[in-house]
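Heads up, the thing below is written out as structure tokens.
Nothing in this text is a laboratory measurement; each read-out follows from the coordinates by a stated rule. Because the structure is a prediction, the values reported are computed rather than measured. Cβ atoms come from the backbone with ideal geometry, glycine included; neighbour counts cover every protein chain shown.
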Amino acid sequence: MPAHDVLIIGAGLAGQRAALAAAREGATVAIMSKVHPVRSHSNAAAGGINAALNPDDSWESHAFDTVKGSDYLGDQDAIEIMCREAPGEVLWLEHSGVTFHRSETGHLGTRAFGGASAARTYYVADITGQALLHVLYEQLMKHHEQIDRYEEWFVTSLVQDDDGECCGAVARNIRDGAMELFAAKAVIQASGGAGQCFKPTTNALICTGDGIAQSYRIGAPLMDMEMIQYHPTTLAGNGILITEGARGEGAHLYNAQGERFMEKYAPNKMELASRDVVSRSEQTEINEGRGFPDGTVALDITKVPRKRTLEALREIVNIGRDFAGVDITREPIHIRPGCHYIMGGVKTDVWGATEIPGLYAAGEVACVSVHGGNRLGANSLLDTLIFGRRSGEHAGRRALGMPMPSPAFSALADEQRMIDDVMRRRPGTGRRISQIKDELGETMNEKCAVFRDEAGLTEAHEVIQRLKEEAARAAIDDRGTVFNQDVLGAIELGYMLDTAECIVVAALERKESRGAQFRLDFPKRDDDEWLKHITLSRNGGPEPEVAYAPVTITKWEPQERTY
Ligand SMILES: Cc1cc2nc3c(=O)[nH]c(=O)nc-3n(C[C@H](O)[C@H](O)[C@H](O)COP(=O)(O)OP(=O)(O)OC[C@H]3O[C@@H](n4cnc5c(N)ncnc54)[C@H](O)[C@@H]3O)c2cc1C
């Protein structure tokens, strides 16, 4: 049985940063990913990463913007840590080799991002995630004596010992179908988000909520699951993102009547209000008949000088041309709000520790909670790195002080049996996995989007219950061992259904409007009743068990939120 001090599930930015930090503590590390690490979804991050590095800026200002952006649901102790440590992290990245944009004076260049009171987003054109991920991967390779890489391995479940401590995981080697039990003194979930529960989404096909569901299934509480971010600028048919960097560089939003409608909703910040505010404004324009017939409004990037667009936004020039047939340097492009990010996830403390001893979580899979009700653009890359590093450090230190556990081989047998059962399903015995997934995504996008109400959420909940039954019978075609994505798709569908159920149950529970959760039937924020986190736990029953956790307030008392 392979055994490592720290096992990291996921090799995006959170996982790679955690691996480097754990190795630095002296731990032996395994990092595992269902795709090649540089194909992790962090690769898609475009616009940049926030830090108050400029002498005119301050971490307090960054922290306040984050607290306000979260609609006061973010935990302020965690936000303080993230914003205090941000400048050092960006400099560490730069020293490690990230070629951040520089201004004409040679200083690191910034762009403005939504909800921020200073231009503090550091970037590499509009391929920031790719630039970061490749530099971190070089560092992983450099530390190969301490860090073993399991590339194209799919974790199917976490393993606990008799005392409930997490002591390893079961994984399938995607290349040949072999199943393996891994022992570890600490396991870090860094398996990313769950955007594929919605259709369309800006998220890659691999964002299926695996780590959220796996952790939930062994009893780790989830938190803030109702908070799903709809990004204001996505392409209508396919959900592809047009980075917020475009508005940061000066692009405007217009309705079909040519009105720059953000004047009505956020007169101070306009297009650079926080994402929940801009998305709601766009959806209101569309719902009230001032959008275009294809259910969109227009993003006019021609306001940005063409030379600057070609230099700093070149990826979305390609996206506009290839996926919408639009030259964004010459004409507006039609966009609408689209599912983008999950603020909730596995509840952790500020060291990434979950309530299951030995299990950590960092990055989009986790909820520290620094984003609360709404994440500010360019704060997610920061979250992955700061809390990835902190969880790696903590897990590494924990591991050094304990013997290697011996997880029971029955865990491996259980997972092998689960896979054999999926393999035995014959076509014709049920619906196709893709059909169930599509129905789930379309239902979530219709009932659990920018605007929600009890009737729609209840309907979504019922659909999910039915889809769970159908998923248990869903047929697969491929019975092979080599790159069998069919069988993995069946497992991922189960993760998505568990995750979606938790999102809907939490959205039904929160009877107020805050951040990304706007309830048409409870349109006001209600601090007296709802200034608290909703947590969900499995606790043996079929339905998530709802509980509450207090919001940590250090300096900033809740105020009315205007932009
Ligand atoms: C289009 C787009 C643009 C964005 N731009 C920005 C931006 O400019 N700034 C910003 O701050 N944020 C941005 N974000 C958000 C940000 O990119 C993500 O939140 C962040 O990169 C997530 O990183 P992560 O390390 O948590 O997960 P990921 O990068 O998604 O990595 C998850 C890892 O887990 C692995 N994995 C998952 N399940 C399993 C399993 N069962 N077994 C084994 N491995 C598994 C995957 O293979 C992968 O390696 C953007 C998001 C999108 C969608």
Exercise for the section: May I ask which of 447/468; 264/307; 269/555; 34/68 have a Cα-Cα span longer than 29 Å here? Expected result: 264/307; 34/68
Completion exercise
The helix 128-142 Cα axis meets the longest alpha-carbon principal axis of the chain at an angle in degrees, between 0 and 90 and rounded to 10, of 30 degrees
Handout entry: Cα long-axis angle, helix 454-471 against the chain (0 to 90 degrees, to the nearest 10)
Key = 30 degrees
Completion exercise
With Cα coordinates, the longest principal axis of the chain makes an angle with the long axis of helix 380-400, in degrees rounded to 10, of 30 degrees
Completion exercise
Note on the stretch 165-235: contact order normalised by length, alpha-carbon pairs under 8 Å, 6 or more apart, percent, works out to 19 percent
Practice task
Counting only DSSP beta bridges with both residues in the stretch 1-135, tell me the antiparallel percent, nearest 5.
Solution key: 55 percent
Handout entry: Relative contact order of the stretch 400-496, pairs being alpha-carbon contacts under 8 Å that are 6 or more residues apart, as %
Key = 37 percent
Handout entry: Percent of beta bridges antiparallel (DSSP, the chain, rounded to nearest 5)
Key = 65 percent
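Looking at the stretch 293-368 from every direction and averaging, what is the projected area of its Cα convex hull in nm²?
Numbers: hull surface 31.2 nm².
Directional mean of the projected Cα hull area for the stretch 293-368 stands at 7.8 nm².
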Handout entry: Loop sites in the stretch 303-374: trypsin sites (Lys or Arg not before Pro), DSSP, at most 12 other Cβ within 10 Å
Key = 330
Exercise for the section: Can you tell me the order of 201-208, 175-182, 527-534 when each peptide is scored by its average per-residue count of other Cβ atoms within 10 angstrom, highest first? Expected result: 201-208, 527-534, 175-182
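Percent relative contact order of the chain, based on C-alpha pairs within less than 8 angstrom and at least six residues apart?
Normalised by residue count, the contact order of the chain is 22 percent.
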